[in-house]
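No value in this document is a laboratory result; all are computed from the given coordinates. Only a predicted model underlies this, so the values are computations on that prediction, with no experimental measurement involved. With ideal geometry, Cβ positions are generated from the backbone for all residues, glycine too; neighbour counts draw on all protein chains shown.
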Amino acid sequence: MRGEQLARQWRLIQRLARSHYGVGLDDLAAELDCVRRTVYRDLDALMAAGFPVVSERRDGRVLYRFLDTFQWGSVPFTPDEILSLAFGEDLLRALEGTVFHDSIRSALDKIRASLGPELSEYLARLGETFRVLPGPHGRYSEMRDTIRALHDAVLGQERVRVRYRTGRSGQERAREIDPYRVWYRAGALYVVGLDHLSDEIRTFAVGRILELEPLGTRFDVREDFDFDAYVGSAFGVIPETPTAVHIRFDPRWANWVAERTWHPSQTLETLDSGHLDLRMEVAAAADLRTWVLSFGSGAEVLEPAGLRDEVRRELEAGAARYRADAPAATTSPAQPGATPL
C-alpha cells in the first residue's frame, strides 16, 4: 500500500508540474485511477512535504497547480529510471570502490544535483520503499586501480601480466592473460580469458590478482569462444562438462528450493510425499557439492554417482568429527574438486 501511494503521488507531482494552467480534481482522479478523496489526501501530503501546491477557482472549477517559482529540474529521466538507478546502486554495493559502483553513484549524484530540494527529498522517500542488501561478497575497495586497468584491458583487448595467488595452494605465480570478460557471480568478480601458461581459457578470481600490468599487446578473442556457452554449464563459477544431476529435497526445504531459479536447465517435480526433485544439466563440480552440503540431511544426491559419493564422504567425515568421543581435527574431508584458479 505504501509503495502504491508513493507511486501515485509521484505521478501527481509530474502532472501538476506539466500544467501551468492547473488541473481539476475530477481530471486528476481519473488520471490517477482513484477517488477524489484520495487526491485530496495526496495533495495535502505534497503540501506537507514542502511542495508549493496552490488552488485557483476558474469558470466555476477549482484547479490545482504548482507555483510558477517551482523548479522541476532538467533531468530527462522518468521516475522508474531514477529508481532503477538507485536500485542498481544497491545491487552494486558489493563492488563499492570499483569503477562500476562509482559510475552509477556519480550518475545518481548528477541527477540529484539538478533537482530542487522538494524533489530530492521526495525521491529519497520513494527510494526507501525498495532496498537491496548484499549478501557475502568479496572486498574490492582497495583494488580500484587494478579493476579499472582490467576493465580497460577487456575493452581494448590488451594482454595483461598478473601476479596471481591460486585458491587451492596459495602459491603466487606470474601469468599472462588475454582478458575476454569480467564476470560478476555469487558476490565476487572473475575474469575469463586465455591463460598463456596453460594455453586454455580459464576463470580467475579478481580478488586474487596481486599485481596487474598492461603489456600493450593487442589480442583477438578466439573465434570459437562463446561466453554464454562457457559459463552455461557452471552451477557456480566452475565451467566443466555438464552432466545430469538429480537431487531430492526433504519437505522442509521443498518450498524454499522451488521458489528460486538455480540454473536455466532446471526442472522441478513435487512428489506425493512432499519431497521435491530437482534436475539440472550442470557441471558436478565443487561449488555444486558445497551447495548440496549446505542443506545438511535435507538434500540427497540421486545422480551422478560420483557426486553422491563425494557428498556422502563429506557427511560421514563431518559426523565423525562431531562424535562425542572423537578427538578434534582427526578426520579428513573428501578431496576438493575443481575450483577457480
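For this structure, a couple of remarks:
- Between the Cα long axis of helix 79-91 and the first principal axis of the chain there is an angle of about 30°, rounded to the nearest 10.
- Maximal additional length on extending the residue 87-residue 157 stretch stands at 22.1 nm, based on 0.36 nm per residue less the C-alpha distance.
- Each label point was placed 7 Å from the Cα along the Cα-to-Cβ direction; for residue 253 and residue 270 their separation is 1.8 nm.
- Within the listed set 286, 234, 113, the residue fluctuating most in the Gaussian network model of the chain (springs between alpha-carbon atoms under 10 angstrom) is 113.
- For the chain: Kirkwood Rh in Å [reciprocal of mean 1/r, alpha carbons]: 25.0 Å
- Theoretical ellipticity at 222 nm over the chain - DSSP helices of four or more residues, -39500 (n - 2.57) apiece, nearest 500: -11500 deg cm²/dmol
- Residue by residue, the range 175-192 carries 3J(HN,Hα) couplings of 9, 10, 10, 9, x, 8, 8, 9, 10, 9, 8, 6, x, 9, 9, 9, 10, 10 Hz when phi is fed to the Karplus relation 6.51 cos²θ - 1.76 cosθ + 1.60 (θ = phi - 60°); x denotes Gly or Pro.
- Longest site-free stretch - the chain; sites: trypsin sites (Lys or Arg not before Pro), DSSP loop, at most 16 other Cβ within 10 Å: 1-130
- FRET efficiency, residue 38 to residue 18 (Cβ-Cβ, R0 22 Å, nearest 0.05): 0.65
- Amide H contacts of residue 24 (H built 1.01 Å from N, under 5 Å, at least 5 apart or other chain): 64
- Between residue 321 and residue 56, the simple spin-label model (points 7 angstrom out along Cα→Cβ) gives 7.6 nm.
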